[in-house]
Each structure stands twice: as structure tokens, then as C-alpha cells.
Amino acid sequence: EAGVTQFPSHSVIEKGQTVTLRCDPISGHDNLYWYRRVMGKEIKFLLHFVKESKQDESGMPNNRFLAERTGGTYSTLKVQPAELEDSGVYFCASSQGPGAAQYFGPGTRLTVT
Amino acid sequence: QQQVKQSPQSLIVQKGGISIINCAYENTAFDYFPWYQQFPGKGPALLIAIRPDVSEKKEGRFTISFNKSAKQFSLHIMDSQPGDSATYFCAASKPSGYALNFGKGTSLLVTP
């Protein structure tokens, strides 16, 4: 069974540019999560999808971040325009159902210069 | 504010020794406490998890000890091996939501 995949693995962009991160969850997992780890800090929750619906987006830092999950399959996280403080590793995770274990992807390392 | 505090930040243990990582939380609504293991270039992988109705859970060389009254939980790695060298994260979540609240991580190095 394929795990959670994320693309790209690394992205280096300039301040003010736009970047779109993609996550493909484990097949059949309705729950999809985005997390971020800024250097030196803990992994922080951004938002949670159940199928195509946003269940909880309380962790989204501001309106420069837009997450979508069209069709309830893969998800994208767009940052527009990117700021220096957006640098970090963005993780996606998926789970099968309520209270089930969350499986993480390898992450996308975003560097904003 | 950080909801789960983890210590130590880094840990060096000799092969065969016991590695102990501690976490503390404030929110009594938390009812799920997983530990994740992360190797360089990989995402966090679920290692073991516990719910507050038990005080200890063991899986192989890995044991979680849970102290509800003290709001603390810890990971013990028995007979630590060099292959256990990784970053370990504790986390906690509430029953009404699925967001995991992570500690800052512990970098474990097991020396031969």
C-alpha cells in the first residue's frame, strides 16, 4: 500500500512569489491534515479535511494560505504571496476515520528567500 | 502557546541502555497521546500511542508510561540500538477534534 506522498520535496522561492504544495493521501483515507514545522519549533496543525470539506482550519496562520481538496482525493496548499516566515517543512497526513492513527508524508521543505 | 512540553531536547545513550523522553501537558481534555519517530528525510511515523484509561502500554522495546494526575507521559526505549537514533515527538489530541498538538521533539543518538 502506497503511503502519503507530497510534491515537491523541496521548494525555494523568493518573497512575494506563489507556491503550491500537493499531497496525495493513502487511498481510502477520508481525513487529510496539513501541518507545518518552522525551524526550532514544534510541528503545528494547520487544517483538517474530511473528504472535500474543511473540518477545522483553526491553525491556518493567515489568508495568504489557501487549502483545497477538490473531489476529496488529493489536496493542495497554496501560499500567496510567500513571506520569509513561511519557511519550514510542510507535512501532510491522512487517517481512515475518527480517532484513527495519522500517517504522515515525507514533507515539503519550503524556503522563502 | 505550546500545549505539550517535551524534554530533553537531545539525548545520547549507549547501546543497550534505556532512553527516556518526557512530555507534559496542561489541557485535561486531551485523551489520545501518540509518540512519533522521525528519521532524516522522512515524515513522522507513529510508534506507539496510549489513552488515559491505562497507565502503561508496551510494544516490544517501547513503553509509554502515563500519569493522569500529573499530566505527564513518557517514552521508554529499552535496550536502545543505534538504529533507534532518530527524532522522537510526543503529541496529544482532544476527543472532539483530530488536530495533534506536538512537543518540540527529542533528538536521540544511540552510540555503539
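The values are calculated or read from the model by the stated rules, or taken from the named source; none is laboratory data. In this text, all values refer to a predicted model and were calculated from it rather than measured experimentally. Note: ideal-geometry Cβ built from the backbone for every residue, glycine included; neighbour counts use all protein chains shown.
Points worth noting:
- Criterion violated by A:Arg36 - all others in (1) more than 10 Å from chain B (Cβ to nearest Cβ); (2) of a type outside the set (Val, Ile, Thr); (3) farther than 24 Å from B:Gln6 by Cα satisfied: (3)
- The range A:27-52, residues that are of a type in the set (Ser, Thr, Tyr) and modelled with pLDDT of 95 or more: A:Tyr33, A:Tyr35
- Counted residues, the range A:21-60 - those being exposed (fewer than 14 other Cβ atoms within 10 Å of the Cβ) and hydroxyl-bearing (Ser, Thr, Tyr): 3
- Members of the range A:76-113 that are at the interface with chain B (Cβ under 8 Å from one of its Cβ atoms) and at positive phi: A:Gly99, A:Gly107
- Test: B:Ser80 is crowded, with 19+ Cβ neighbours inside 10 Å, more than 30 Å from A:Thr5 (Cβ to Cβ) and in contact (Cβ under 8 Å) with a residue 40 or more places away in the chain: yes
- Flag for B:Asp53 being among the charged types (D, E, K, R) and surrounded by fewer than 13 Cβ atoms within 10 Å (Cβ to Cβ): yes
- Hey, B:Thr63 of a type in the set (Val, Ile, Thr), in contact with an Asp or Glu (Cβ under 9 Å, 6 or more places away or on another chain) and surrounded by 14 or more Cβ atoms within 10 Å (Cβ to Cβ) or not: yes
- Residues in the range A:1-14 that are assigned to a loop (DSSP other than H, G, I, E, B) and more than 11 Å from chain B (Cβ to nearest Cβ): A:Glu1, A:Ala2, A:Pro8, A:Glu14.
- Qualifying residue in the range B:88-95 (condition: aromatic (Phe, Trp, Tyr), touching a residue at least 40 places away in the same chain (Cβ under 8 Å) and in contact with a Cys (Cβ under 8 Å, 6 or more places away or on another chain)): no
- Subset of the range B:1-22 [under 24 Å from B:Gln81 (Cβ atoms) and within 11 Å of chain A (Cβ to nearest Cβ)]: B:Gln6, B:Gln9
- Flag not set for B:Gly103, criterion: small (Gly, Ala, Ser), surrounded by 19 or more Cβ atoms within 10 Å (Cβ to Cβ), within 19 Å of A:Gly105 (Cα to Cα) and free of Cβ contacts under 8 Å to residues at least 12 places away in the same chain.
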